[in-house]
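Working notes, beginning with the structure itself.
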Amino acid sequence: MEKLGFTAVDAGISIWSAFRQANELHGTAGFRRDMLRQTAVDAFGSVLPRAFVTDLEPVLERDKPDLVVFELMNAGAGLAALRAGIPAVCHGFGKMDETLVPEAMSDLLLEYVAELGITLPNGQHYGLGSTYLDVFPPSLQDLGFLSDVDRIPMRPVPFTEPGELPDWVVAHERPLVYLTFGTAFANPDVLRNAITGLSGVDAEVLVATGPQVDPSALAGVPDHVHLLPWVPQADLLAHADLVVHHGGAGTTVAAMTHGLPQLVLPQGADHFRNAGIVTSTGLGAQLVGADFTADAVQETARKLLQDNDVRVANAGIAAEIAAMPHPDDVVPRLVELAG
């Protein structure tokens, strides 16, 4: 962020640290997939917001900002703003409906809200009743659920830290398939299963292994499979023909923005919701659980690269997103909210 001219403040904790602390509440220090739901409930319902409120309250007192923008699933900054009497805006990331936040997670957050002496509008626990920046395409959003919220639609603009793309990516002649499981859900076995399937597709395959998997752990792949620990995803998507991924909200919406077919291989968190949206709207396909086999990945990827109906659906959603207000056009409204 500092490279972009922002002043960075060391506050709160990382999601992984929150997960570790949440697991320790149940006597388990390490990450366990069988505990993922309970871990997420504790982390997002209590651990993260408490850490951010504690660290940000003195920062807000010192710097006295005019507006605080907080992320939907990490309400700590928003709570600190409410305590300080500073206007706050909630930034969303996907479809907002009654299934997004588990009841147990809401209960934990409301317990902490009560401790802080804050009163929230009924049913608006995670948005804290604040103005809501909505970056999800309107045709896919649950607008009824947001009917009593001050909603500002805003075009999602994919962003990653700038970086160099390999020359062959720009010049590729065969279709380009991009495979990623993000920063938190990649592991060698999952990646290897997907790579084995994509190896049989007539395409160049670029794999971003992520920070937890060393590309050397996946050695022995065919020449048309390219392993990199990281790629500037926002730049790469302009050259891709198919995105195969875990179903994280950022990658899902970024692929929509570029009109790219998606094969979603959900692993946890909100991945299954996002995979369902992609499938039900004709934007791609999903392979879940036992259906996630190398053969199924190969067959489904081939179909998606050739399916004209999928291509048309993705062109439509990309056009809808392009018509949403650009962030530059939203800034004046934020200035008004800052008072």
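Read the figures in this text as sums done on the coordinates, not as results from a lab. Predicted model, so just to flag it, every value in this text is computed and none were measured. Positions of Cβ are backbone-derived with ideal geometry, glycine not excepted, and every protein chain shown enters the neighbour counts.
Details
- Only one residue of GLY289, VAL89, ALA301 has its Cα farthest out toward the positive end of the dipole of the chain, where Lys and Arg carry +1 and Asp and Glu -1 on Cβ, and that residue is GLY289.
- Three-way shape label, segment 139-194, alpha-carbon gyration tensor, a/c 1.5: prolate
- log10 of Debye I(q)/I(0), alpha-carbon scatterers only, for segment 167-322 at 0.10, 0.11, 0.12, 0.19 Å⁻¹: -0.30, -0.36, -0.43, -1.20
- Largest-first principal axis extents of the Cα set of segment 197-284 (Å): 36, 27, 25
- Look at the dipole of the chain built from charges on Cβ: of VAL135, ILE195, GLY117, the Cα furthest out on the positive end belongs to ILE195.
- Rounded Å value of the spacing that divides the Cα centres of segment 130-181 and segment 208-258: 15
- Counting only residues at least eight positions apart within a chain, or on another chain, the aspartates and glutamates with an alpha carbon under 12 Å from that of LYS303 are ASP202.
- Among ILE277, VAL169, VAL243 - extreme Cα towards positive end, dipole of segment 167-322, charges at beta-carbon: ILE277
- Charged-residue dipole, Cβ positions (Lys, Arg, Asp, Glu), segment 167-322 about Cα centre, Debye nearest 20: 260
- For the chain, a crude dipole built from +1 on the beta carbon of Lys and Arg and -1 on the beta carbon of Asp and Glu, taken about the Cα centre, is about 220 debye to the nearest 20.
- Residues THR180, THR279 arranged by fewest to most Cβ contacts within 10 Å: THR279, THR180
- Counted over segment 61-175, the DSSP beta bridges are approximately 0% antiparallel.
- The spread of Cα positions in segment 277-338, taken along each principal axis and listed from longest to shortest, comes to 54, 26, 16 Å.
- Value of Rg to Rh for the chain, rounded to two decimals, is 0.97; Kirkwood radius and Rg both from alpha-carbon coordinates.
- Shape call, segment 55-113: gyration tensor on alpha carbons, a/c limit 1.5: oblate
- Rounded to the nearest 20, the Cβ-based charge dipole of segment 5-103 about its Cα centre (Lys and Arg +1, Asp and Glu -1) stands at 200 debye.
- Within straight-line reach of LYS3, meaning a Cα separation under 13 Å, sit the following aspartates and glutamates at least 8 residues removed in sequence or on another chain: GLU161.
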